[in-house]
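Note sheet for the following structure.
Just so you know, all these numbers are worked out from the coordinates, no wet-lab data involved. Small disclaimer: the values here were computed from a predicted structure and weren't measured. Quick reminder, even Gly has a Cβ in these numbers, built from the backbone with ideal geometry, and neighbours come from all protein chains shown.
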Ligand SMILES: Cc1ncc(COP(=O)(O)O)c(C=O)c1O
Ligand SMILES: Cc1ncc(COP(=O)(O)O)c(C=O)c1O
C-alpha cells in the first residue's frame, strides 16, 4: 500500500505548504524576541499584530481581543478556570454539556473540586443540546455557559446563536469551544453573542502547539499563565512567532477557501454517508444529519469493535479514528457516543471519517469498498454476530 | 549597516538550521496525531519518546520524568501552582528569591492571593542567594523551595547543589528555573537533588513555543492544563510534534557542543568585560564575576539611560538588551538590578550582552568601539553628567 | 504499537470459527468493555485437545491473543492446556502494550471457561481449574490525574 | 516602534547643549523613573525666545521630544511658547507609542519650568503659567494583571 487516504482531519491536519513557507523565515532569520528594541526583534511585534488582525477579522472581533495560547486545551482551561476565579464573587455555577471535549469536562471537574457547581446538559439522540433544559438550569449564581460550537466526534453543530442570546439576556458569560468549527462554518462573535472562543491551529492546516482564546473586551478574566507582559499582560511566555505566523496564514487560507471547500466537502460527506448506509447493514449514522460539520462522518457498526476496524483500514492505507484521538488511551467508549444514547457495545464499534479538501470521490469509493470487506470480516469473527444470526434464523 | 551582531541570546536564540531541518517532515509528511492508531500518527509516539529520552539523558533523569509544555513560563507556573495545590494539606509556605523571573514571581503573587505565604530571599551585591538566610526561612509548613539555576539578566549562577541538599534534608520539594542554565552548564537532577526543573527550547537554538518541566517520579503534582491523556495524563493538548523534535535536536546539539562552546564563550566574555572595564569610565559589572553564565555580560553605565543606548547600538547593527526583554514593556528598572542594590538611575543604565557560539573577538572589538562612542555621546547630552562634572570640577 | 507477531496473528488469525457439538465452549468478557472471547474445544477420549476454534469481538490484541491461545492449547492434553497462562500467550506474541495486557488474561480465562464447560458436561473434575469468572475486570494502570 | 520623525530627532537631536547665563532653566522628571529633562532658554527683551537648548537623560522618545520641543519654541514669544503642548510635540513627531506619551508631557513641563524660572528671575507673571510640578507622574495604562 503506497497510497495514503487521510480521513482523520478532526484529530489533526497536514500543515499546508503555504503555512510552512510563511513560518520558515522566523526560525533562522527574523528570529528575534518581539519584546526587544532592535530591528529583528521589534519587527516581530508588528508581525504578530498583523496575524492577530487576520484572525480577529475572520470572527468579526477586534485585534486586541485575540490572545494566543499553546492550543485549544490551554484556551479551554483558561476560559473556564480564570473566569470561575474572576467571577466567583458573583456566583459559583457553570453550565456546560455532556459532550464537551475533555479539556472542558476535566476543567469542570477540577472546578467542582474547588467548590464550583457544574450542570452538564444532556443532548438528544443527534447530539443537540436542549435549549429548554439550558434555560431551566440557569440560576442566579450562574456565571458561565460553555457549549462547544461543533462536536469533535459526531460533528453536530449546536444552536450557538440561540444559546448566545440566552446567555446575553441573562447577563451570563458565554464561552464556546470552536476548535472544530472555526474556519469550517462562518462565525461572528457579535452576532452569536460569544464572549470567549477557543481555537487550535493544527485543526485547520496550521501548526501544532498554537491556539487562541478570543476574549471580548470587558470580560474580566485573569491570567492563566503568569509572568512576562506578553499578550497585553494576560498570557506570559515568549511569543511563538513562527507559530503565530503559521496560524495567521492558515486562517487567511481557510477563510479564502471556506465557501468552496465546505460545499465540496458537504457533497462528498453526504455521498459517503449514503453509500455506507446503503451498502453496509446494521449501521447507524451518529450525529445530526444536516446540523453537521461539512467534513464529519461518524458511523457505528453493530457487532464490530472499533480498534480492529481501524487497524484493518490502516493496513489498506486509510487513516481513520474511532471516537476521539485524544481519548484513545482509554478503554471506555467515548462519552459522546454514550451521551447520544448508544449502548456500550455499539459505541465500541464506531468509526469517524473526517474529510479534507484533498479527498476525492474516488478515494471515498475505495474506502467504502474496503470498509465493506473489513466489516464483513470482523463480523465473521464476532461471537455477537454469531448469536445474532442464530437468534434470527 | 548590513552586518548584524546578535548579542541578545538570553532573550532568544536563532533556531539552528539542523533543528529546523529535523522539524520540517513533521509538518507536511509525518503530521499525524500521536494518539492515533495508524502509521503516520502512532509513529509520532515513538518520535516523541525518542526526543524525551535525549532530554532526560542530558539531565540524568528518566524518560518519563520529562513533560513537555509550551515554554518556560508554563513550566514555572505549573511547578508552583500545581505543587502548591497538591501539597497544601502539608503546608502553605514557599521560599523563592527576589531575582526570579516574573513567571515565578507573578505565580507566587497569585498564590499569595490564594492564602499561600511566600518568602522572597534577598541576594548579595553579586546576586547570590544567602544559604544561611535560606535555612533560617524554612518553616514546618514549607512545601517548596524554588530558586533559579542562573539569572537571566546578570547571569549569576546560584549554589544549586547546596540548596538542593538543604531542601532534601528538610524533605521540602525543590524546583529550579533552569531556563537560562540548561545546556549552558552541566546539570544532574540527582546530584543536585532537583525535584522539578523548567526549561524553554528557544533559549538553546530550539524553536519558540515549547518547553518542559522535569518532574521527579513520586512528586504528586497535579495537572495544570486538564483535558486529553497526553503526557501521561498530566498535560493535555495535542502534542507539538515538530516542536518536540526541534527541542530534542537542539538539546542533543547543545550537549554535543557544550564543553567547547562554553569554554570559548567564557574566554570571549571575560575579554569583553575586561575591555569595557578598562575603556569606559563610570561603569559597573553586574552579577558575579566567576559564578556566571558563560555567555552573559551585564554592565551599568552611570549617567546613561538604557533604551537610548540600545537604539544607538541597533543603529550600528548590534542587538542587545537592557534588563530583561520580557519586562521591557515596563518603565521601572529591572527588579533584579534593584535587588543587587543598584540605585534606580544606575539600574536604568544597564546593558546586557549575551554571546553565542557565532560571536568572534572581532565582533566584540567592534562592539566595544561603538559602545565607547555611544556612551560618550549619551553622556554629553545628559544633565546628570553635566551636574557631576560641575560638582567635580 | 503492536509487535510483528501480534500483527501477524491479527491479520492471519489461526483457528477462527465454530465447532459444531464442541466438547466444551467458553465465553468470557463483556461487550460493555469492548471484548468478548468465545473458545470451542474438541477434546478426544484421551483428554487431548484435538481441535480448538475461537470467535472474538474485540481489539487487535484481543484477536491476536485468541489466535495465539488456540494455537498453544491445540494438541495438548487438558492438564497441560491449563498451564497456558496469559504470560505464555504474551511471550509467544513478543509482548503486548501495557493497556492490552487484559486481553491476554481474557484469553486464558476463555480457555478455562471452555475447559470448565467440558468438565461439567462430562462430569469430571480437572485438577487446578476453578470456576471461571465470566467478567474479567480491567486492571488499567492509571496515573494520578488531577 | 518609533516614527521616522522620532528617529530623526533621536539620531540628530536639535539644540543639544547648555546656555551660559540662560534667561531661564528648567529641570523636570527624576532619575528614578529614568527621565530627566533640562531646558535652557535665552529670551530677549521682547520676550521672544532667541535660543533654546536641552540636556536629557532618558529614552529615545525623551530625547526626540526634547529636541522637537526646543525646535517648536525657538523664535516664539513666551506667550506662544506656552501653547506648545505635549500634543503639539507628539503631532510634530508623527506620534509616540502609548507607553511613551509621558515623555511629551515631560517636554511640555520642562519648557514651563524654564519659563517659570525666567518669570521668577525677572519678577514677572506669565499669563496661564502655573508653578510646575517637578515630578511628572506616569499614567501608564495598566491591564488587570496580577
Ligand atoms: C529565567 C527565565 N525563566 C523563565 C523564562 C520564560 O520562558 P518563556 O518565555 O520561554 O516562557 C525566561 C525567558 O523568558 C527566563 O529567562
Ligand atoms: C472540540 C475540541 N476542543 C479542544 C481540543 C483540544 O485542542 P488541542 O489538542 O489543540 O489542545 C480538541 C482537539 O483535540 C477538540 O476537538
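Structure above, values below:
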{"read-out": "Globularity index of the protein assembly as shown, i.e. its alpha-carbon radius of gyration over 2.2 N^0.38 Å", "value": "1.09"}
{"read-out": "Between 0 and 90°, nearest 10: helix C:60-73 axis offset from chain C longest Cα axis", "value": "30"}
{"read-out": "Diffusion coefficient, µm² s⁻¹, Stokes-Einstein with Kirkwood Rh over alpha-carbon pairs of the stretch A:1-84 at 4 °C and 1.567 mPa s", "value": "82"}
{"read-out": "Compactness of the stretch D:62-119, expressed as Rg and Dmax over alpha-carbon positions, Å", "value": "10.7, 33"}
{"read-out": "Rounded to 5, percent antiparallel among DSSP beta bridges of the stretch A:106-231", "value": "50"}
{"read-out": "Within 10 Å of each Cβ in B:210-216, the average number of Cβ atoms from other chains", "value": "1"}
{"read-out": "Highest-MSF residue in chain B out of B:73, B:113, B:199 [GNM, Cα springs under 10 Å]", "value": "B:113"}
{"read-out": "Ascending list, in nanometres, of distances separating the residue D:77 label from those of the other copies (7 Å, Cα toward Cβ)", "value": "12.9"}
{"read-out": "Of every Cα-Cα pair in the stretch D:1-127, the percent that sits beyond 26 Å", "value": "14"}
{"read-out": "Percent RCO, i.e. relative contact order, over chain A, from Cα pairs under 8 Å lying at least 6 residues apart", "value": "22"}
{"read-out": "Normalised convex hull volume, the stretch A:65-208, alpha-carbon set, Å³ per residue", "value": "104"}
{"read-out": "Principal-axis tilt of helix A:241-279 within chain A, Cα atoms, nearest 10 degrees", "value": "20"}
{"read-out": "Crossing angle, helix D:101-122 versus chain D [Cα axis fit, 0-90 degrees, rounded to tens]", "value": "20"}
{"read-out": "Directionally averaged projected area (convex hull, Cα atoms, chain B), nm²", "value": "20.5"}
{"read-out": "Percent of beta bridges antiparallel (DSSP, chain A, rounded to nearest 5)", "value": "55"}
{"read-out": "Label geometry 7 Å along the beta-carbon vector: residue B:377 inter-copy distances in nm", "value": "7.5"}
{"read-out": "Taking the stretch B:17-122 and dividing mean pair separation by its residue count, relative contact order in percent (alpha carbons under 8 Å, at least six apart)", "value": "16"}
{"read-out": "Beta bridge orientation in the protein assembly as shown: antiparallel %, DSSP, nearest 5", "value": "65"}
{"read-out": "Euclidean distance of C-alpha centroids, the stretch A:42-111 and the stretch B:273-312, integer Å", "value": "41"}
{"read-out": "Square roots of five times the Cα gyration tensor eigenvalues for the stretch A:214-267, Å", "value": "32, 15, 8"}
{"read-out": "Relative contact order (percent, whole number), chain C, Cα cutoff 8 Å, 6+ residue spacing", "value": "28"}
{"read-out": "Within 10 Å of each Cβ in B:314-322, the average number of Cβ atoms from other chains", "value": "4"}
{"read-out": "Most mobile listed residue (B:377, B:353, B:272) in chain B, GNM with C-alpha springs under 10 Å", "value": "B:377"}
{"read-out": "7 Å along Cα→Cβ, label-point gaps from residue D:5 to other copies, nm, shortest first", "value": "8.1"}
{"read-out": "Computed label-point distance, nm, for sites residue D:133 and residue A:380 using a 7 Å Cα→Cβ extension", "value": "8.8"}
{"read-out": "Cα-based Rg and Dmax for the stretch B:216-308, where Dmax is the largest Cα-Cα distance (Å)", "value": "21.2, 58"}
{"read-out": "Residue with peak Gaussian network fluctuation, chain D [Cα springs, cutoff 10 Å], from D:107, D:61, D:69", "value": "D:61"}
{"read-out": "Exercise: per-residue mean of other protein chain Cβ atoms within 10 Å, A:59-71", "value": "2"}
{"read-out": "Taking only Cα atoms of the stretch B:92-142, radius of gyration then Dmax in Å", "value": "11.2, 33"}
{"read-out": "Histogram of C-alpha separations across the stretch D:30-99, 5 Å bin width, %", "value": "3, 17, 25, 23, 18, 10, 4, 1"}
{"read-out": "Helix-derived mean residue ellipticity, 222 nm - over the protein assembly as shown, DSSP H n ≥ 4, -39500 (n - 2.57), to 500", "value": "-12000 deg cm²/dmol"}
{"read-out": "Where rotation carries B onto A, the chain B residue whose Cβ is nearest that axis, in whole Å", "value": "B:70, 2"}
